[in-house]
1. So what are the ³J(HN,Hα) numbers for the stretch 291-301, from phi and the Karplus equation (6.51, -1.76, 1.60; θ = phi - 60°), rounded to whole Hz, Gly and Pro as x?
2. If the rule is a partner Cβ under 4.7 Å, which cysteines in the chain fail it?
3. Hey, can you grab everything whose amide H is under 5 Å from the amide H of residue 246? Only 5+ residues off in sequence or another chain; H modelled, so Pro and N-termini drop out.
4. Could you work out the helix-only [θ] at 222 nm for the chain, with each DSSP H run of four or more residues adding -39,500 (n - 2.57) and the total divided by the number of residues, to the nearest 500 deg cm²/dmol?
5. On the first, second and third principal axes, largest extent first, how far apart are the outermost C-alpha atoms of the stretch 128-228 in Å?
6. Residue by residue through the stretch 46-59, what is 3J(HN,Hα) from phi via Karplus (6.51 cos²θ - 1.76 cosθ + 1.60, θ = phi - 60°)? Round to whole Hz and write x for glycine and proline.
7. Quick one: divide the alpha-carbon radius of gyration of the stretch 323-465 by 2.2 N^0.38 Å and tell me what you get.
8. Show the residues, 5+ positions off or on another chain, whose built amide H is closer than 5 Å to the amide H of residue 440.
Amino acid sequence: MNTPFFSLTNSRRMHRRTFLAATSSLAAAALWSSRALANVVTAPKFSGYPFTLGVASGDPTATGVVLWTRLAPKPLEDGGMPPDDIEVSWQVAEDEAMTKIAAKGTTIANPEWAHSVHVEVEGLRPDRWYWYQFKAGSEVSPKGRTRTMPASDSLPERLRFAVASCQHFEAGFFTAYEHMAREGFDLVVHLGDYIYEGKAQENRTRRHLGGATVTLADYRLRHALYRTDLALQAMHAAAPWIVTWDDHEVENNYAAEHSERKVVRTEAALKRRAAAYKAYYEHMPLRRAALPKGPDMQLYRQLMFGRLANFQVLDTRQYRDVQPCGGGRKPQCPDALSPDRTLLGTGQRQWLFDSLGASSATWNILAQQVMMARVDRAYDEGEAFVMDQWPGYEADRRRVLKFLHERKVANPVVLTGDIHSNWANELIADFDDLDSRSVATEIVGTSISSGGDGREKPNDLDQLQSENPFVKFHSTERGYVSCEVTPKSWKSDFRAVEYVTRRGAPLLTRASFVVEAGQPKLQRA
Ligand SMILES: [Fe+2]
């Protein structure tokens, strides 16, 4: 790459906001590092190209964005870095050729955080695209493209974003990201299962390295393996991401300090969680507000796309009570209905209600993990609900829908991942009265690859929909959801790839639904 990095011409253009950005970045480095800055290596020599994991950006505001990279010349061998603090330069430009520099600075990549880099750029202009790049020693990173949010008091004409989740590396190729990159989205919202924790298995499309992830080194290696996927890298470099996790970033169906395996003691479960959360932070474009502290990490937060859309990003794993009734699929037992049990945790729930109560956005998005609709999967007699999902925490489910309804929260849309299938649901006020009015809509986005090659029409579709008439669409193919949001309407296109066990699947659109502002009903488009 022959970009003139930090040329004299560029330096002269440096203005006050650039200087401020650089200063705050250094302060951040000092905060993260227990070492003295005097020990920083400013002219490192690497054992190979250090930017093997690409670049990423995320959590944009109207004036800034987080830029991410990680120095890892040998990404699948503990990174291949010496145990030194390394100076990394960064710059943000208004043009792809990186000639009109808008901000620049230096930061420190240190071994305590796997030589990851998180720069919180400030002083950018609202609602515009930028390009960015890192440099360490004489090595220059690939360029990334990112954007700021529109000004908080503006009403943008349009937001286009993709909803992704569940990318099991062994289950298939990330072809969906290749198609997603061509759509020119403003944002990507990733709803979790960014990695899977299982040990390497035989006879899959691709192979994990090593055993099930338990230690920090294990989780770092797993994240690095996933991030070597070029389609994933390219999508990170194409737009800012808003990420949250689900269970597999730690362990299948974990709940707060409880492992799915009852023999695992709390202490061991929290130790594993601390390792998993740290590696997650190290590999995601997240702000310092999310910096993990031992086994705790605050991921719930709000992001605003002007007055058009508010994203309330939720974490339904860290604070939940254990799954009721022994988990699985079953009728709601007394525990599932208990008002003392929670999916969100009281702190997050209060934050959500405060945040929604204060919102003046046209669309209020809950970006979260598990399905909120109370879908009955027993088609003859009796009932069966998935205890890992909101119906296992019925009191919290009702509290949220009641709040949306009674407080007249404008146009609530719930975005869900987790279950490797597409659903378009109307969230009705009372699931015991199927004629009750719809309070919100729920778009469940399918997996990028988890589950392998899927089916357009599941065998039980007709029974499912006759038992649950609020389910307007369901399919189990791989893909993502493309959302186009305007002040008047929200269109969701369910994009599909027919196979992921081979490369090159073309992109299909299986269904499109429109929700008109003021009317939480799904209409086929
Ligand atoms: Fe998943």
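1. Along the stretch 291-301, the couplings run 3, x, 10, x, x, 10, 7, 8, 9, 6, 6 Hz.
2. 166, 483 - these cysteines have no disulfide-compatible partner (Cβ-Cβ under 4.7 Å) in the chain.
3. Counting only residues 5 or more places away or on other chains, the set is 193, 194.
4. -6000 deg cm²/dmol
5. Principal-axis extents of the Cα atoms in the stretch 128-228, largest first: 51, 36, 24 Å.
6. The phi angles translate into 9, 7, x, 4, x, 9, 5, 9, x, 10, 8, 9, x, 6 Hz.
7. Relative to the rule-of-thumb radius for its length, the stretch 323-465 sits at 1.07.
8. The answer is 427.
Rule-based calculations on the coordinates, nothing more; no lab input. All of these numbers come straight from a predicted model, not from anything done at the bench. FYI the Cβ positions are ideal-geometry reconstructions off the backbone, even for glycines, and counts take in every protein chain you see.
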